[in-house]
Amino acid sequence: MIPFEDQIRYSCPFHMQYPGHALLFTLLLRHDGATFFPILQDIVNGEDEIGSVSSEIIKALLISENPTHWKPVGNLLLAAQRQEGLRQTILETLDFTSTGALLYIIDLILEEELYRFSSVIRAVDTWFGFGWEAPKKATIKRILSTASNLLRTPENILAAAKARITLKLILPSGLRTYRCR
């Protein structure tokens, strides 16, 4: 049997063969975070001698309900600079994460004005299924702000309904449609 530590470290070259590793890594975080979180954190921070970042590692950290586990991914998103592919990889995992992690990343995008990047625009378009060609930054910001508000305070959905807003939110628990007419 391959030790779990090695499965984490060597997950990048084999992530296509073992797409369930994210769930395994999340369970490891839940049951022995003191052992496994430092390994995952070192990999994400580029400090592990062997491991490299994979979508499965990013997913595992974001599936977790522990906000401490989301922070390295948020830092990685901020550090992506001109690496659209890395930013896109992070954002594409959000439909497979906890609602808390989704809110954390949406808030990070809004606070740091990351909605100006094409990977963020593409992700928002994919999450909501808009099929946009080239939306304006202000539109992306408004959609993300509205989504954050509705996810945080579902009691605001009625007010959104009166404002005639329609959003389809793809959450870890499934598709939720808020139709406001």
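Taken together, the values in this text are just the output of simple stated rules run on the coordinates, not laboratory data. What you are looking at is a predicted structure, and each value in this text was computed from that prediction instead of being measured. Cβ atoms come from the backbone with ideal geometry, glycine included; neighbour counts cover every protein chain shown.
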Requested in this report: For region 65-166, calculate the relative contact order in percent as a whole number, restricting contacts to Cα pairs under 8 Å that are 6 or more residues apart.
Outcome: 24 percent
**Report entry** Percentage relative contact order, the chain, counting C-alpha pairs under 8 Å, at least six apart
**Finding:** 16 percent
**Report entry** Structure-based [θ]222 nm, the chain - -39500 (n - 2.57) summed over DSSP H runs of at least 4, per residue, nearest 500
**Finding:** -18500 deg cm²/dmol
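Given N residues in region 19-92, what is its alpha carbon radius of gyration divided by 2.2 N^0.38 Å? The partial results should precede the final answer.
Details: Rg = 11.5 Å, N = 74, 2.2 N^0.38 = 11.3 Å.
Expressed relative to 2.2 N^0.38 Å, the Cα Rg reads 1.02.
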Query raised in the report: In Å, the Kirkwood hydrodynamic radius of region 77-130 over pairs of distinct alpha carbons?
Result: 11.2 Å
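Which whole DSSP H helices in the chain pass both tests: a Cα extent of 20 Å or more along the axis and a mean Kyte-Doolittle value no lower than -1.0?
On the way: long enough: 137-152 (22 Å, 0.04).
Both cut-offs are met by 137-152.
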Requested in this report: Please state, to two decimals, what the Cα-based radius of gyration of the chain comes to when divided by 2.2 N^0.38 Å (N = residues).
Outcome: 1.08
Report task. Just add up the charged neighbours of D42: K/R +1, D/E -1, any other residue whose Cβ is under 12 Å from the Cβ of D42. Result -> -3
Query raised in the report: What spacing in nm lies between the two simple spin-label points modelled at A138 and D125, each 7 Å away from Cα in the Cβ direction?
Result: 2.0 nm
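Can you put Y104, Y10 in order of Cβ neighbours within 10 angstrom, beginning with the fewest? Display every interim value, and only then the final one.
Values: Y104 19, Y10 15.
Exposure proxy ranking, most exposed first: Y10, Y104.
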Query - Residues listed by number, region 103-138, amide nitrogen under 15 Å from R82 label point at 7 Å toward C-beta - result: 118
Report summary line: Length gained if E49 through T153 is fully extended, taking 0.36 nm per residue and subtracting the Cα-Cα distance, is 33.1 nm
Query raised in the report: Where does each of K141, K162 land when they are ranked from fewest to most other beta-carbon atoms within 10 angstrom?
Result: K162, K141
